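The values are calculated or read from the model by the stated rules, or taken from the named source; none is laboratory data. If you're wondering where the values come from, they're calculated on a predicted model, not measured in any experiment. Every residue, glycine among them, receives a Cβ derived from its backbone with ideal geometry; neighbour counts consider all protein chains shown. Quick note on the areas: whole protein, heavy atoms, side chains included, nothing else; ligands and nucleic acids left out. Shrake-Rupley method; radii C 1.70, N 1.55, O 1.52, S 1.80 Å.
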Amino acid sequence: MMPPIERKHCRSLPPDILSNLPDNLIDIILMHLPYKDAVRTSVLSRKWRCHWRRLTELTLDRSLWETENDKLYATIKFRKIIYQILTLHEGPITKFTLDVDHLENYPEIDNFICFLSRNGIEQLVLRFRLWFQRDKMYNLPSSIFTCSQLRHLILHCCSIHHPSAFQGFDHLITLELCDVSISSELLKSLIYNCPLLEQLVLDNLEDLGTIEIDAPMLRSFEFTGNISYICLINVPRLVKVTLLGDDLQAEELDFADIFESCSALEHLSINFFRYRFFAEEGYEAPTRLPFNLNSVKHFYLPDILLVESYKLSYALCLIRSFPYLEYLEIQVHHGDDSDTDDEYTEDSRELQCLSDVTFNHLRDVKLVYFSGSTSEMQFIKLLLANSPVLERMLIDRRFLDQEALDTRLEIFAEIRNRSGEQFNYS
């Protein structure tokens with residue numbers, strides 16, 4: 001029998017803190033744990049035993065079925081985990097993320113997506129990492145198109161086909177498709193039938209032709225692929241656009257068609273440099289768009305070589321069409337490793353053509369990867385001369401050696417003394 005003193009001490013102990021936590025706090029704790037650890041909390045007390053079964057947010061990734069001493073194939077472990085959730089879970093699942101790779105097939109996923117469609121799923125993320133093995137893509141089941149409460153849908157490395165009776169996602173506001181196999185007609189229908197869509201990401205979609213985007217509520221659009229395929233036909237609220245181009249022939253690119261309906265566009269980022277950008281001999285790039293984009297305030301150009309090229313010509317075509325531009329950032333590209341500054345000692349004829357443009361609203365300029373080439377100095381002088389309200393110019397000189405830096409700083413000092421502008425060297 002326990003001595004009286006010890007019995008008195010036991011009676012004075014505080015109640016079990018874990019067992020007396022409110023249900024909503026337990027749910028919050030479990031949602032911040034990896035799924036495996038959330039299940040393990042069932043041993044803490046009777047009250048915690050079944051809480052993991054009622055989680056509304058689930059994330060399944062390789063950490064659940066891969067260990068240092070695997071005795072079962074990942075596919076077998078994955079099947080057991082999915083079966084456990086299907087049989088034991090209680091209540092709705094509003095957010096679900098599946099991040100898998102190296103599975104031989106996709107057991108039980110069709111059944112699980114069907115299960116989610118009946119349990120109030122609002123955010124669905126499916127990432128299959130296939131390393132471009134297109135023949136092993138996961139084919140989405142038709143049940144995904146019955147998830148009537150979906151607000152966010154993110155799909156990586158899968159194939160999409162939908163039934164003819166599909167009426168759309170009435171609540172969807174975010175759609176991200178990466179390395180997805182989908183037809184142009186289906187993509188057009190999918191976007192059109194999401195009337196509340198605000199954010200759209202299309203990255204390396206397979207075998208697409210023209211991409212028609214009719215999304216009256218769209219505010220942000222990110223695209224990686226052939227820029228010339230884009231057709232923004234109804235995007236009156238589109239504010240931010242990011243484009244990363246593939247191999248492209250200049251004659252195929254018509255920015256007028258792409259941006260004609262972008263009356264609200266404020267932030268634009270275009271990267272031509274992903275692969276090749278070329279033109280037939282004798283082709284001349286357009287000088288400017290047939291209309292102005294008066295709402296554009298921020299323009300970002302990564303990987304641009306400030307010497308004569310079709311990339312630079314198209315970039316300047318856009319700059320000329322932004323009369324209310326306030327912020328300009330250019331990340332300078334320096335060509336192949338064999339290229340030297342000696343190759344760029346002459347002024348750029350393309351930049352000379354920009355000398356008649358006045359940047360009446362430009363206040364902030366950032367020049368990244370500055371090397372001190374003649375064309376870069378020409379561009380700086382041009383901006384200083386034609387930007388009456390310019391307040392700040394940040395020049396990132398990380399690729400400039402000390403000897404070249406000393407020479408350029410003398411030039412900067414001379415320019416600054418003449419113009420009275422503020423410089424920031426980093």
Can you find a residue in region 229-250 that is part of a helix (DSSP H, G or I) and out of contact with any helix residue (DSSP H, G or I) (no Cβ under 7 Å at 6 or more places or on another chain)?
-> yes
State whether the residues of region 242-251 include one that is of a type in the set (Ser, Thr, Tyr) and touching a residue at least 24 places away in the same chain (Cβ under 8 Å).
-> yes
Any chance Ser269 is small (Gly, Ala, Ser) and either closer than 23 Å to Gln352 by Cβ or touching a Leu at 6+ places or on another chain (Cβ under 6 Å) (or both) = no
Members of region 368-391 found to be crowded, with 16+ Cβ neighbours inside 10 Å, modelled with pLDDT of 90 or more and more than 21 Å from Arg288 (Cα to Cα), listed by number | Leu390
Do we have Leu25 as exposed (fewer than 14 other Cβ atoms within 10 Å of the Cβ) and either closer than 21 Å to Ile154 by Cβ or modelled with pLDDT of 70 or more (or both) here?
-> yes
Mind listing whichever residues of region 189-201 are assigned to a loop (DSSP other than H, G, I, E, B) and open to solvent by less than 10 Å² (accessible area, probe 1.4 Å)?
-> Cys194, Leu197
Any idea which of (1) open to solvent by 10 Å² or more (accessible area, probe 1.4 Å); (2) within 20 Å of Leu177 (Cα to Cα); (3) under 19 Å from the mean Cα position of the chain (by Cα) is the one His298 doesn't satisfy?
-> (2)
All positions within region 353-384 that are outside any loop (DSSP other than H, G, I, E, B) and free of Cβ contacts under 8 Å to residues at least 12 places away in the same chain = none
Those residues of region 202-228 which are small (Gly, Ala, Ser) and outside any loop (DSSP other than H, G, I, E, B) amount to Ser220, Gly225, Ser228
Inspect all residues belonging to region 202-214 and state whether any of them is touching a residue at least 40 places away in the same chain (Cβ under 8 Å) and either surrounded by fewer than 17 Cβ atoms within 10 Å (Cβ to Cβ) or under 30 Å from Phe145 (Cα atoms) (or both).
-> yes
Mind listing just one residue for me: the one in region 157-188 that is under 18 Å from the mean Cα position of the chain (by Cα) and among the acidic types (Asp, Glu) and, of those, least open to solvent (accessible area, probe 1.4 Å)?
-> Asp179
Restricting attention to region 331-352, and to residues there that are of a type outside the set (A, V, I, L, M) and outside any loop (DSSP other than H, G, I, E, B), which single residue is modelled with the highest pLDDT?
-> Gln331
